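Q: Okay, handing you the structure first.
The values are calculated or read from the model by the stated rules, or taken from the named source; none is laboratory data. Just so it is clear, the model here is predicted, and its values are computed rather than measured. Here the Cβ is made from the backbone with ideal geometry for all residues, glycine too, and neighbour counts use every protein chain on show. Note: accessible area is taken over every heavy atom of the protein model, side chains too, but ligands, DNA and RNA are not part of it. Shrake-Rupley method; radii C 1.70, N 1.55, O 1.52, S 1.80 Å.
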Amino acid sequence: MYVKVAICLTFAILLLISCSIYVGTIDAKSYFFPLLQPPPLRLSLCATDRPLRVYMYDLPRKFNAGMMDRGTSQVAAPATVENFPPWPKTSGLKRQHSVEYWLMASLLYDEEEGSEAIRVSDPEMADAFFVPFFSSLSFNKHGHVKTDAEADADRQLQVELLEFLRQSKYYQRSGGRDHVIPMTHPNAFRFLRQELNASILIVVDFGRYPRNMSSLSKDVVAPYVHVVDSFTDDDPLDPYESRTTLLFFRGNTVRKDEGKIRVKLANMLAGIDDVHYENSVGTPKSFKMSTKGMRLSKFCLHPAGDTPSSCRLFDAIVSHCVPVIVSDKIELPYEDEIDYTEFSIFFSMKEALEPGYLIDQLRRFPKDRWINMWMRLKNVSHHYEFQYPPKKEDAVNMLWRQVKHKLPGVRLAVHRSRRLKVPDWWRQKR
């Protein structure tokens, strides 16, 4: 009797399994031969809405926050959220190049809601790798001091970092292509910059980068960190009439390269009653005067400097002063998401130097169109705020989203490099 029951039970189980396979509820291959299953296909990151997963290297403190310590930091342990210093309020112009600081701070902040990027502790889970080296601050601290010892300190940090990366199997795996490295000062990482040209560089423009090292296709353009105070209560009854200055500029008029246009503009604009064009240097008093001047001006002039961009553009944006951009080679942050012509006016350098042309165009500019631009500036200015803790859609989160947009190209390059048996023929002259 028990034998018959066992046979019937076995028959029933086999019948159930057969029916399940037939209707598709059980995958026979995966059930009986799991080792023959291919690995799951990894979806493109841009096909998902999840945050970017970033692995941040635990570099010794001297590479980042240690530069903000008094004296020379000898602490070997990496910076943590508990001992990460606030950005100093008395940093002056150094603040404009502090993107590296805010990116690192955002990864130390343990809050996923509203974040475009989250830190992961397992590098195997990472979409990208962040290298927390404050290369701009290193130049500002060591490079401006004209002594061999200080210059060597900046160089030595770069040498040690490069050695560290070359020993990382994750850097080797992609050739550094999925590594994110901020270099927002024009002279950041100046000694060994060319050794990192495969990585995703965070730059403010391409003025001092050769085309074979940095490009829009792989790198991310960041805004300068603004140095004037944000205009948070800009709600006059008539914003156009409340701003009595037509055009405003305060800054260094003696610049190199395309920045030589500043002296020419100074001569052209001199003596015009409602135009304020003043030579100045970056001091706390100067920042306050620029804050006041921009808030009282309809248009703020942004001519090229030593490189195509400068902090002045972003000071104007957070002051809701319509930027007038005179820089033929400027590249702008988040331009795949933001149309700058909605709140800025562009002149070529040739147009700007035509006597009377620029001022005449600004005087003819319709009031209703200016008000639309002013309203648009108020709507977009939060995208240019660097802060801790970070907030949704602020500058840091916008930058992480830009990094996310670069990763499909990184994957393509990595996958092609693994199968190519000859030098990349796309790079050869035809």
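Q: Taking only the alpha-carbon positions of the stretch 293-346 and ignoring solvent, what does the Debye formula give for the base-10 log of I(q)/I(0) at q = 0.22 Å⁻¹?
A: Normalising to I(0) and taking log10 leaves -0.81.
Q: Still on this model: May I ask you to give the solvent-accessible area per residue for the stretch 98-254, in square angstrom, as obtained with a 1.4 angstrom probe?
A: Using a 1.4 Å probe on heavy atoms only, each residue of the stretch 98-254 averages 42 Å².
Q: Carbon-plus-sulfur fraction of the accessible area of the stretch 161-285, 1.4 Å probe, in percent?
A: Carbon with sulfur: 49 percent of the solvent-accessible area.
Q: Please list, short to long, the whole-number percent of alpha-carbon pairs of the stretch 270-320 in consecutive 10 angstrom bins beginning at zero.
A: 22, 57, 21
Q: Using only C-alpha atoms and all pairs of different ones, pull out the Kirkwood radius for the stretch 256-343 in Å with one decimal.
A: 14.0 Å
Q: Full extension from Lys288 to Asp58: what is 0.36 nm times the residue separation minus their Cα-Cα distance, to one decimal in nm? Spell out each step's value before the answer.
A: Numbers: separation 230, 0.36 × 230 = 82.80 nm, distance 3.80 nm.
Computed gain between Lys288 and Asp58 is 79.0 nm.
Q: For the stretch 320-430, what % of the accessible area comes from carbon and sulfur atoms, probe 1.4 Å?
A: Summing carbon and sulfur atoms, their accessible area is 52 percent of the total for the stretch 320-430.
Q: Now for a different question. In whole Å and largest first, what semi-axes does the C-alpha gyration tensor of the stretch 95-230 yield when each eigenvalue is scaled by 5 and square-rooted? Show your work: numbers first, answer last.
A: Working: eigenvalues 107, 79, 48 Å².
Taking √(5λ) for each eigenvalue gives 23, 20, 15 Å, largest first.
Q: Shifting gears a bit: Once amide H atoms are placed 1.01 Å from N in the peptide plane, what residues at a sequence separation of 5 or more from Ala117, or on another chain, have their amide H within under 5 Å of its amide H?
A: Leu52
Q: Mind checking Rg over Rh on the stretch 262-417, alpha carbons, Kirkwood formula for Rh?
A: Ratio value, two decimals: 1.02.
Q: How large is ³J(HN,Hα) for each residue in the stretch 87-97, as worked out from phi by the Karplus curve 6.51 cos²θ - 1.76 cosθ + 1.60 (θ = phi - 60°), to whole Hz, x for Gly and Pro?
A: 5, x, 6, 9, 7, x, 5, 4, 4, 4, 9
Q: Tell me the Rg and the Dmax, in Å, that the Cα atoms of the stretch 364-430 produce.
A: In Å, with Rg to one decimal and Dmax whole: 21.2, 62.
Q: Lys/Arg Cβ at +1, Asp/Glu Cβ at -1, dipole of the stretch 272-430 taken about the Cα centre: which of Ile325, Pro355, Val396 is farthest positive-ward?
A: Most positive-ward Cα: Val396.
Q: Could you work out the Rg to Rh ratio of the stretch 305-375, with Rh taken as the Kirkwood radius (inverse of the mean 1/r over all Cα pairs)?
A: Reported Rg/Rh, Kirkwood definition of Rh: 0.95.
Q: Taking the stretch 140-275, how many lysine pairs are there with alpha carbons less than 26 Å apart, if each pair must be eight or more places apart or span two chains?
A: Value for the stretch 140-275: 5.
Q: For the residue pair Val159 and Thr341, what label-to-label distance in nm results when each label sits 7 Å from Cα along the Cα-to-beta-carbon direction?
A: About 5.1 nm, to one decimal.
Q: Once fully extended, how much extra length lies between Arg364 and Lys169, figured as 0.36 nm per residue of separation less the alpha-carbon to alpha-carbon distance?
A: Computed gain between Arg364 and Lys169 is 64.2 nm.
Q: Another one. For the stretch 195-306, what is the per residue volume of the convex hull drawn over the alpha-carbon atoms, in cubic angstrom?
A: Spelled out: Cα convex hull of the stretch 195-306, divided by residues, is 146 Å³.
Q: For the stretch 329-430, with every protein chain kept in place, what is the accessible area per residue (1.4 Å probe, Å²)?
A: Per-residue accessible area for the stretch 329-430 comes out at 60 Å².
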